[in-house]
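Worksheet: the structure to be examined is printed underneath.
The values are calculated or read from the model by the stated rules, or taken from the named source; none is laboratory data. These figures come from a predicted structure and were not determined experimentally. Virtual Cβ from ideal backbone geometry, glycine too; neighbours counted across all protein chains shown. With ligands, DNA and RNA removed, areas are computed over all heavy atoms of the protein, side chains included. Shrake-Rupley method; radii C 1.70, N 1.55, O 1.52, S 1.80 Å.
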Amino acid sequence: MKYFIIVNPLAGRGLGEKSIPRIHEAMQGMDYKLVRTERVWHARELAEAATREGYDVIVSAGGDGTLNEAINGIMHARTKEKNPTFTVLSVGTGNDFSSGAGIPVTLEEGLQALKANKRRKIDIGFVKGGDFPNGRYFGNGIGVGFDAAVGFETLKIHWTRGLLAYLIGTIKTVFLYYNPPHLKITLDDETITQVSLMVSIMNGKRMGGGFKMAPESKSDDGLFDLCIVETASKGRIFGLIPYFLGGTQATQPEVKMRRSRRVEIKALEGTFPAHADGETLCLNGSSLTLELLPLELEIICA
């Protein structure tokens, strides 16, 4: 098999670059090419080219943003004859996609899994709206509102990574976030209209390195898991954080958990920020349309 490894050297506050010697060591005797990303969307360009060149396995060594770009490259370029398997070497800040998809969240275990070559197929999401009117694929989830604002604030934190960075980002966002928008959320069999602090549309289980937005989600069941939270006071938001860390937020009155294959979100009043796998979809969005594509991507997992 031919492996194409895309490394984001900046992932994980520089952990991506530090991982390269170990990756070379582990891949000795295997047919592979390793390339560093140099700019935004470079991972997509590399994955697209590698797909067209007929590589069998495309590996993203980075975080959730890097793998999101790589998935977009594969999905845009693949054909019946050239349809590579995908996997991740988790060296990012949150590694949420890996956690939900059953891919190891450490470099060493990821390298072992790559050699073991155990495979499964997972669902992939597709979203239109915001800065991407023609659409963008995603693997883990979409965050709308407070969730997205936390992610953007966390990107400004450079002295730590993982869950701690997201917790700090959450605290900062509580004091910075604007008034939540009035949203119309259309699902397969239900429409919810409310002022929403946030809406998480999940294919995976968690965001932010440990916030369990959809603890019951399965990445191969053909359905998004949604966590929809009504507006709440600053004090109440702090009170909800432990429930999200424990995955028990469904017990709280502000929280609705739903499942749907298609989702449409429209702002009736106000606008919202949104992200896809931590990558910016929009800062002041008004409408998003999402669809889940069942079992569209083969991955190497643990």
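What percent antiparallel are the DSSP beta bridges of the chain, to the nearest 5? Write down the numbers at each step before the final one.
Values: 55 of 73 bridges.
Here the antiparallel bridges make up roughly 75 percent for the chain.
Please compute the per residue accessible area over region 1-154 with all protein chains in place, 1.4 Å probe, rounded to a whole number of Å². Let's see the in-between values first.
Values: 5910 Å² over 154 residues.
For region 1-154, the solvent-accessible area averages 38 Å² per residue.
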Please list, in chain and number order, the residues 5+ apart from GLY130 or on another chain whose amide H is under 5 Å from its amide H, with Hs placed from the backbone.
SER286, SER287
What's the angle, to the nearest 10 degrees (0 to 90), between helix 234-246's Cα axis and the longest principal axis of the chain?
40
Under 9 Å, Cβ to Cβ, from THR85 - net charge with Lys/Arg +1 and Asp/Glu -1:
-1
Total formal charge among the other residues, if their Cβ is under 13 angstrom from that of THR191, Lys/Arg +1 and Asp/Glu -1
+1
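Less than 12 Å Cβ to Cβ from ASN117, Lys/Arg counted +1 and Asp/Glu -1: what total charge do the surrounding residues give? Don't jump to the answer; show the numbers that get you there.
Numbers: positive: LYS115, LYS118, ARG119, ARG120; negative: ASP56, GLU298.
So the environment of ASN117 carries a net charge of +2.
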Just flag the GluC sites (Glu not before Pro) in region 137-233 sitting in loop per DSSP whose Cβ has no more than 16 other Cβ atoms within 10 Å.
GLU190, GLU216
Roughly how tilted is helix 11-26, in degrees to the nearest 10 and between 0 and 90, from the longest Cα axis of the chain?
30
Between ASP56 and GLU269, how high is the FRET efficiency from 1/(1 + (r/R0)^6) when r is the Cβ-Cβ distance and R₀ = 35 Å? Nearest 0.05.
0.10
With 0.36 nm assigned to each residue of separation and the Cα-Cα distance removed, THR191 to HIS24 gains 55.0 nm
At 1.4 Å probe radius, can you tell me the per residue accessible area of region 203-302 in Å²?
41
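Quick check: from the Cα gyration tensor, does region 168-268 come out rounded (a/c under 1.5), prolate or oblate? The partial results should precede the final answer.
Details: a/c = 1.93, a/b = 1.20, b/c = 1.60.
Taking the square roots of the gyration eigenvalues as a ≥ b ≥ c, region 168-268 is oblate.
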Relative contact order of region 150-302, defined on C-alpha pairs under 8 angstrom at six or more residues apart (%):
22
For the chain, find the longest principal axis of its Cα atoms and tell me its angle to the long axis of helix 107-116, 0 to 90°, nearest 10.
60
Report, in whole Å, the centroid distance computed from the Cα atoms of region 163-234 and region 85-121.
24
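For a 25 Å ceiling on Cα separation, which of these pairs sit above it: LYS121/LYS266; LYS80/LYS205; LYS184/LYS234?
Details: LYS121/LYS266 31 Å; LYS80/LYS205 30 Å; LYS184/LYS234 23 Å.
Exceeds cut-off: LYS121/LYS266; LYS80/LYS205.
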Out of the total accessible area of the chain (probe 1.4 Å, heavy atoms of protein only), what percent is carbon and sulfur?
51
The long-range amide H neighbours of PHE224, using H built 1.01 Å from N in the peptide plane and a cut-off of under 5 Å, are SER260, ARG261
Helix-derived [θ] at 222 nm for the chain: sum -39500 (n - 2.57) over DSSP H runs of at least 4, divide by residue count, nearest 500?
-9500 deg cm²/dmol
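Can you give me the relative contact order of the chain as a percent, contacts being Cα pairs under 8 Å and 6 or more apart? Each step should come with its number before you reach the end.
Working: 738 pairs, mean separation 63.0, N = 302.
Relative contact order, the chain: 21 percent.
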